[in-house]
Amino acid sequence: MKPVIRRAGASAEYYTDERCDILELSNSADDPHASIARARVAPGVTTRWHQLRDSTERYVILEGRGRVEVGELPPQLVEPGDVVVIPPLCRQRIANVGEADLVFLAICTPRFRQDNYLAL
């Protein structure tokens, strides 16, 4: 692998069936060990239950307030600075319980691939 700087343009953000907006910051076959996306969930929205087959995902909360449900843990409130670690095949969803957008990084190892996503 060679050094690289990836630049994300806000116009590349897209809305998903999961009910959130995603901006892929780094997700390349040239860097298969990790991917980074910025997720944005509107106030009052809860994402759909899902899991990732082969990746561990980490939510790094940047802005807003959320309620995350992961595996069999009871629902937990999260806020900026919190990190949620989600192992492979662990069900997950997050709700925006604040009045502004809930914004977080979704970091996957190995990198996120669409065929890795399982809707529940």
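Counting only residues that are assigned to a loop (DSSP other than H, G, I, E, B) and out of contact with any Ser or Thr (no Cβ under 9 Å at 6 or more places or on another chain), the stretch 98-116 holds 4 of them. Quick one: is ALA34 in contact (Cβ under 8 Å) with a residue 24 or more places away in the chain, within 11 Å of the chain's Cα centre (by Cα) and within 26 Å of ARG7 (Cα to Cα)? No; evaluated as a whole, the condition is false for this residue.
Filtering the stretch 79-97 to residues that are of a type in the set (D, E, K, R) and either touching a Ser or Thr at 6+ places or on another chain (Cβ under 9 Å) or touching a residue at least 60 places away in the same chain (Cβ under 8 Å) (or both) leaves only ARG93. Only residues that are in contact with a Phe, Trp or Tyr (Cβ under 9 Å, 6 or more places away or on another chain) and either over 21 Å from ARG93 (Cα atoms) or among the polar types (S, T, N, Q) (or both) were counted across the stretch 1-39, and they come to 2. In a residue-by-residue description of the stretch 14-22, the property of being crowded, with 17+ Cβ neighbours inside 10 Å, closer than 26 Å to MET1 by Cα and out of contact with any helix residue (DSSP H, G or I) (no Cβ under 8 Å at 6 or more places or on another chain) applies to at least one position.
Quick check: is even one residue across the stretch 35-46 closer than 19 Å to PHE112 by Cβ, surrounded by fewer than 18 Cβ atoms within 10 Å (Cβ to Cβ) and not basic (Lys, Arg)? Scanning the stretch 35-46 turns up no residue that is closer than 19 Å to PHE112 by Cβ, surrounded by fewer than 18 Cβ atoms within 10 Å (Cβ to Cβ) and not basic (Lys, Arg).
Pairs linking a residue in the stretch 3-20 that is in a loop (DSSP other than H, G, I, E, B) to a residue that is acidic (Asp, Glu), with Cβ atoms under 6 Å and 6 or more positions apart or on different chains, are GLU13/ASP21.
So, in the stretch 55-75, of the ones that are in a strand (DSSP E or B) and aliphatic (A, V, I, L, M), which residue ends up nearest to PRO88 (Cα to Cα)?
Here is the first cut: in the stretch 55-75, the residues in a strand (DSSP E or B) are 56-63, 66-70.
Those still in the list that are aliphatic (A, V, I, L, M) too: 60-62, 68, 70.
Details: VAL60: 17, ILE61: 20, LEU62: 23, VAL68: 16, VAL70: 11 Å.
Per the stated criteria, the residue is VAL70.
Examine the stretch 68-78 for a residue that is of a type in the set (A, V, I, L, M, F, W, C), over 18 Å from TYR15 (Cα atoms) and touching a residue at least 40 places away in the same chain (Cβ under 8 Å), and state whether such a residue exists.
Quick first cut of the stretch 68-78, residues of a type in the set (A, V, I, L, M, F, W, C) only: 68, 70, 73, 77-78.
Right, trim to over 18 Å from TYR15 (Cα atoms) and you get 68, 70, 73, 77-78.
The next check asks that each one be touching a residue at least 40 places away in the same chain (Cβ under 8 Å); those that pass are none.
No - not one qualifying residue is present in the stretch 68-78.
Each reported figure results from applying straightforward, stated rules to the coordinates on display, with no laboratory input. None of the values given here were measured: they were computed from a predicted structure. Ideal geometry is used to build each Cβ from the backbone, glycine not excepted, and the neighbour counts take in all protein chains shown.
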